[in-house]
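Here's the structure, in structure tokens; my notes come after.
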Amino acid sequence: MGGGPAGSSAAWRLRRGGASVLVIDKESFPRLKLCAGWITPEVVRDLEIDPGSYPHRFLTFDRMHAHFKWLHLPVKVVQHSIRRFEFDAWLLERSGASVVRHTVRHIQREAGAYVIDGEFRGRYLIGAGGTRCPVYRTFFRDANPRATELQTVTLEHEFAYDWRDPDCHLWFFDKGLPGYSWYVPKADGWLNVGVGGMAERLKRSGSDIKHHWAHFTRMLGKGLAPGAAYDPAGYSYYLRGNVEVARVEDAFITGDAAGLATRDMCEGIGPAVRSGFAAADAILKGSPYSLTDVTGASLGGGFATRLLDWAFTRGAGAAAAAPIPATI
Ligand SMILES: Cc1cc2nc3c(=O)[nH]c(=O)nc-3n(C[C@H](O)[C@H](O)[C@H](O)COP(=O)(O)OP(=O)(O)OC[C@H]3O[C@@H](n4cnc5c(N)ncnc54)[C@H](O)[C@@H]3O)c2cc1C
């Protein structure tokens, strides 16, 4: 259940393998998904997307700008942006799965099948419902309690804007933010800006995300986005911790439901896609479901990863001390 990148990737691979798939999502697609919409070349490759024939907004940056206080580091690196509103609907439609709009509330196991709200029945169940996934709640929460130290909070806004700077900018730890703020332009005059930080550390510092948002948008007003008007919204998700149990009988958890976003850049789309594929493979091939190929690091697991991980989750407990899987 869930038609975001984790669910649609699982559905796509299952359909290609000849399985019959039903995707249950509480929203009708296209639907709003709060997300900066930055995707890596690995995601493009994993999803076999040809940018030339992708029918929606797709922008490639050749450079990203990292800002640390007064330090400005332009980094030559190829990355992309999409709008989740378009991207998720396109992926879901491409999967070829049947989709039904329904808010999942109650799941039970009956005679070797999963029964959802007394209405839907299936042999396998993939939990791809994001942070508040009912599959996680029902079958996985006790085995994988979420570490509050790895919880992020965000505020963001995506809007039509005639941006002038076509590169992506990231401001790390600005004004003590335990995270970063972003400016991510999209093709054809759209822009996503936002602020994300570690929830516990923000609380401990006596600050909150709204305060950082106010500072950030004031700064944008004087620089990259003069005259923009904002109506921000927030969402919370978890960075990669210990996922002790990813499969219980024929139920799986994937993506944000499992808390798989990377520990250095808080990137969740790539891990969602890879975990969706892995769940599909486990069903199709009968192989063990493993998250070892799902990276917990966007920057390769080296020094930069360890530094950012430390800076985001320092002072955190045992869950945050878990090693970061760094497969790319
Ligand atoms: C502000 C913000 C910015 C981000 N920026 C980036 C970025 O730039 N790049 C990146 O890689 N990652 C980013 N992330 C993380 C990324 O968005 C997520 O990690 C990713 O969407 C996870 O995909 P998913 O398929 O697991 O879950 P989701 O995309 O959240 O999909 C879950 C689906 O489940 C459905 N659902 C939920 N509950 C129910 C229910 N009870 N019944 C039925 N359906 C239900 C939802 O409607 C939704 O469609 C960002 C996150 C936030 C909040």
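Please name all residue pairs, on different chains or six or more residues apart, with Cβ atoms under 7 Å, provided the first residue is in the range 38-65 and is free of Cβ contacts under 8 Å to residues at least 24 places away in the same chain and assigned to a loop (DSSP other than H, G, I, E, B) and the second residue is open to solvent by less than 60 Å² (accessible area, probe 1.4 Å) and among the aliphatic types (A, V, I, L, M).
Here the result reads none, with nothing in the range 38-65 linked to a residue that is open to solvent by less than 60 Å² (accessible area, probe 1.4 Å) and among the aliphatic types (A, V, I, L, M).
Which residue, of L202, L220, L260, L224, is among the aliphatic types (A, V, I, L, M), away from the ligand (no atom under 14 Å from the Cβ) and within 20 Å of Q151 (Cβ to Cβ)? First the steps, then the outcome.
Details: L220 fails: within 20 Å of Q151 (Cβ to Cβ); L260 fails: away from the ligand (no atom under 14 Å from the Cβ); L224 fails: within 20 Å of Q151 (Cβ to Cβ).
Sole residue among the options that is among the aliphatic types (A, V, I, L, M), away from the ligand (no atom under 14 Å from the Cβ) and within 20 Å of Q151 (Cβ to Cβ): L202.
Restricting the search to the range 34-64, which residues are in contact with an Asp or Glu (Cβ under 6 Å, 6 or more places away or on another chain) and either among the hydrophobic types (A, V, I, L, M, F, W, C) or open to solvent by less than 60 Å² (accessible area, probe 1.4 Å) (or both)?
Here is the first cut: in the range 34-64, the residues in contact with an Asp or Glu (Cβ under 6 Å, 6 or more places away or on another chain) are 34, 56-57, 61, 63.
Listed by number, the residues that qualify are L34, R57, F61.
Could you grab me the full set of residues in the range 154-179 that are in contact with a Lys or Arg (Cβ under 9 Å, 6 or more places away or on another chain), open to solvent by 30 Å² or more (accessible area, probe 1.4 Å) and of a type in the set (A, V, I, L, M, F, W, C)?
W163, F173
Just a yes or no: is a residue in the range 26-37 more than 30 Å from V78 (Cβ to Cβ) and either in contact with a Gly (Cβ under 7 Å, 6 or more places away or on another chain) or near the ligand (Cβ under 9 Å from one of its atoms) (or both)?
Within the range 26-37, one or more residues are more than 30 Å from V78 (Cβ to Cβ) and either in contact with a Gly (Cβ under 7 Å, 6 or more places away or on another chain) or near the ligand (Cβ under 9 Å from one of its atoms) (or both).
I'd like the residue in the range 1-25 that is more than 8 Å from the ligand (Cβ to nearest atom) and assigned to a strand (DSSP E or B) and, out of all such residues, is least open to solvent (accessible area, probe 1.4 Å).
Going through the qualifying residues, I end up with V23.
Any residue that is within 14 Å of the ligand (Cβ to nearest atom), in contact with a strand residue (DSSP E or B) (Cβ under 9 Å, 6 or more places away or on another chain), within 30 Å of T138 (Cα to Cα) and at pLDDT 95 or above - is there at least one of those in the range 52-60?
no
Looking at G130, G118, G96, G122, which one is more than 11 Å from the ligand (Cβ to nearest atom), of a type outside the set (K, R) and within 26 Å of V245 (Cβ to Cβ)? First the steps, then the outcome.
Numbers: G130 fails: more than 11 Å from the ligand (Cβ to nearest atom); G118 fails: within 26 Å of V245 (Cβ to Cβ); G96 fails: within 26 Å of V245 (Cβ to Cβ).
Step by step, each of G130, G118, G96, G122 is checked, and only G122 is more than 11 Å from the ligand (Cβ to nearest atom), of a type outside the set (K, R) and within 26 Å of V245 (Cβ to Cβ).
Exactly one of (1) surrounded by 20 or more Cβ atoms within 10 Å (Cβ to Cβ); (2) outside any loop (DSSP other than H, G, I, E, B); (3) modelled with pLDDT under 85 is unmet by G301. Its number?
Condition (2) is where G301 drops out.
The values are calculated or read from the model by the stated rules, or taken from the named source; none is laboratory data. Here the structure is a predicted model, which is why all the values come from computation and not from measurement. For neighbour counting, all protein chains shown are included, and Cβ atoms are generated from backbone atoms with ideal geometry for every residue, glycine included. The protein model used for the area step is the full one, side chains on, heavy atoms only, and it has no ligands, DNA or RNA in it. Shrake-Rupley method; radii C 1.70, N 1.55, O 1.52, S 1.80 Å.
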